[in-house]
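A.B. asks: I am attaching a structure below and will ask some questions about it afterwards.
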Amino acid sequence: MKNYLKTIPKIKFKGSKSTDPFSFRFYNPNEVIHGKSMKEHLRFAMSYWHTLCGTGVDMFGSGTADKSFSKKEGTLAHAKAKADAGFLLMSKLGIGFFCFHDVDIAPAGETLAETHTNLDIMADYIKEKMDSTGIKCLWGTANLFGHPRFMHGAATAPNADVFAYAAASIKKAIDITKKFDGQGYVFWGGREGYETLLNTDMKLELDNLARMMHMAVDYKNKIKFNGPFYIEPKPKEPTKHQYDFDAASTISFLRKYGLEKHFKLNIEANHATLAGHTFEHELRTAAINDMFGSIDANQGDMLLGWDTDQFPTDVYNAVYCMLEVIRAGGFTTGGLNFDAKQRRGSYTPEDTVIAYIAGMDTFALGLKIAYAIIDDGRIDDFVKERYKSYTHGIGADIVNGKTDLEKLTRYALSNGEITTNTSGRQEMLESIINSIMFGNRF
Ligand code: XUL
Ligand code: CO
C-alpha cells in the first residue's frame, strides 16, 4: 500500500489542450454551468468492487491486477488497506462519493455473526475516513449473488433458509449504509431470476421478492433511513432471465406489489443495452414514471453480448444521458457511479486513475454539450412543434378527456382522408447534434 499511487499527483483541470494523461481536459469541478458547479451536477462516485477488489479474473485466466495492497487477502488488515487505497484514489481524483457491497468492505467470517463483526469493525474504520476527508456514500448494497449459498437466488431462492440469510444480509447492509449517512440503498437482483421454468415456481418467487422488499421498506422506516431505495434493472447475466429485466418491467413489478412509492431506479448503461434498449430509453422510462434516481455509468461493447462494464468514453452516449438527467431535474440523492472496470490488459494502478479521468471527462463533455443542445433550442422546439396538434381543436379534446370513440368517429368522417404527415426529420436532428458538438471545432 505504501507505494500505491505514490507518483500520481492530485489530478487538476488543465484544459482541452493538455497532453498530460494525469490531468482533466474537460472536467473542471468548480466551473459553474447553469447555476451549479460541475461537481454538483455530476456527483461522481467510485465503485468499491471494481476499483478495490476486481483483479481482472475471467473464465480463461486469473487476475492481472494486484489488489492485495501488500496485505494477505481475506484479512481485516487487507480490508483496511483497501479502504486506505480507495480514499487516497478518490482524494487524488476529487471524487465525492463511493458505492459499496457488504462483501467489498470486510472479509467474510466463519459464521454470519463473525461476518457481521468484521463489517462493524470496517464500518467504523471507513466512517473515520469519511469524516476526515468529507467523502460521502452514494449508496450501499448487499451482495446476494457471489457466494454459493445464493446459487438459486436470494429473495427468490426455493430454500426459505436462504431467504432468511438474505434478509439478515440486507438488514446489516442497510444498517451500515445508514451509519455512513448514505444517500440511497440499491437492490440489484444478481441471481433473482431463473434458468428454466421446469424447476421454477415463478409466481412464488416474485411474491417472495416483493415480500422481501416490503420488509426492507418497513425496516427502513423503523430505523429512519432517509435515502431512497433503488432497484437496478438488468435483463440477464448471471441468470438467463432476471426478474428486474428493464425499467418498464421493474416499474410494473413495483406497482403490482404496491411498492412504487418507496423505490426509484438506478439505471446502468450496459444493462440498458443488454435489454435491447438505449441508455436514454431507460432513463426516460424511469423519469416519466417519477422513478429516476441514480446512474451506474459505464458502457458495453456492441459486439459482445455480456456486461463488459467499460469506463464510459462514448461522448454521444454521455450527451444523451445528461440530456435525460437535466430534463428529469438533475440528481437529488443520486449520482454517476462508475460501475466500470479497466480492461484486463490495463492492469496497473495508473490505468485506474486514467480510466476514471476518461470517464469523468466524458461526462463533463456530456453535461456541457447537453446544456448547449438545450440552450440552442432547435431540438426541443422541433419536438414541441411535432405534437402541436394536441394543443388545440380535436387534439386538445383528446388530451383533456373530452372525446370518445363515437365523437372521434364523427370527426374522422367529416375530416376526410389523411393525405399528408409532417416529416420526422431524424437526419436533420442528428446533424444538428453534430453541428453543436463539432461546429466550433473546425
Ligand atoms: C452488476 C451490477 C452490480 C450492481 C450492484 O451487473 O451492476 O455491480 O451495480 O450490485
Ligand atoms: Co451496476
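The values are calculated or read from the model by the stated rules, or taken from the named source; none is laboratory data. Keep in mind that what you see is a predicted model, and the values were worked out from it rather than measured. A quick note on method: Cβ atoms are made from the backbone with ideal geometry, for glycine too, and the neighbour counts reach across all protein chains shown. Note: areas computed on protein heavy atoms with side chains; ligands, DNA, RNA excluded. Shrake-Rupley method; radii C 1.70, N 1.55, O 1.52, S 1.80 Å.
A.B. asks: Mind checking which pairs have a first residue in segment 25-51 that is more than 16 Å from ligand 2 (Cβ to nearest atom) and a second that is among the acidic types (Asp, Glu), Cβ under 7 Å, 6 or more apart or different chains?
C.D. replies: What qualifies is Arg25/Asp361; Phe26/Asp361; Tyr27/Asp361; Ser37/Glu31; Met38/Glu31.
A.B. asks: Right, here's the next one. Where in segment 330-442 are the helices (runs of 4 or more DSSP H), entirely inside, with at least 3 residues that are touching a helix residue (DSSP H, G or I) at 6+ places or on another chain (Cβ under 6 Å)?
C.D. replies: Here the list reads 349-376, 393-399, 426-438.
A.B. asks: For segment 33-81, which residues satisfy the criterion of being open to solvent by less than 30 Å² (accessible area, probe 1.4 Å) and of a type in the set (A, V, I, L, M)?
C.D. replies: Within segment 33-81, Ile33, Met38, Leu42, Ala45, Met46, Leu52, Ala65, Ala79, Ala81 qualify.
A.B. asks: State all residues of segment 302-316 that are under 15 Å from Thr362 (Cα atoms) and either surrounded by 22 or more Cβ atoms within 10 Å (Cβ to Cβ) or of a type in the set (Asp, Glu) (or both); if no residue qualifies, say none. Quick ask: steps written out before the conclusion?
C.D. replies: Of all residues in segment 302-316, those under 15 Å from Thr362 (Cα atoms) come to 310-316.
Within segment 302-316, Phe311, Pro312, Asp314 meet the criteria.
Here is a yes/no grid of residues against (1) within 16 Å of ligand 2 (Cβ to nearest atom); (2) within 17 Å of His277 (Cα to Cα); (3) not assigned by TED's automatic domain parsing to the domain that holds Phe69:
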residue: Met291; (1), (2), (3): no, no, no
residue: Trp306; (1), (2), (3): yes, yes, no
residue: Tyr320; (1), (2), (3): no, yes, no
residue: Ile326; (1), (2), (3): no, no, no
residue: Asp339; (1), (2), (3): yes, no, no
residue: Thr362; (1), (2), (3): no, no, no
residue: Leu365; (1), (2), (3): no, no, no
residue: Tyr371; (1), (2), (3): no, no, no
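A.B. asks: Taking interchain pairs and intrachain pairs at least six residues apart, which have beta carbon atoms under 7 angstrom, with the first residue in segment 255-277 and open to solvent by 40 Å² or more (accessible area, probe 1.4 Å) and the second within 12 Å of ligand 1 (Cβ to nearest atom) and not in a strand (DSSP E or B)?
C.D. replies: From segment 255-277, the pairs are Thr273/Gly300.
A.B. asks: I'm trying to understand the selection: among the residues of segment 126-151, which are within 21 Å of Met90 (Cβ to Cβ), open to solvent by 60 Å² or more (accessible area, probe 1.4 Å) and not charged (D, E, K, R)?
C.D. replies: Passing the criteria: Ser132, Thr133.
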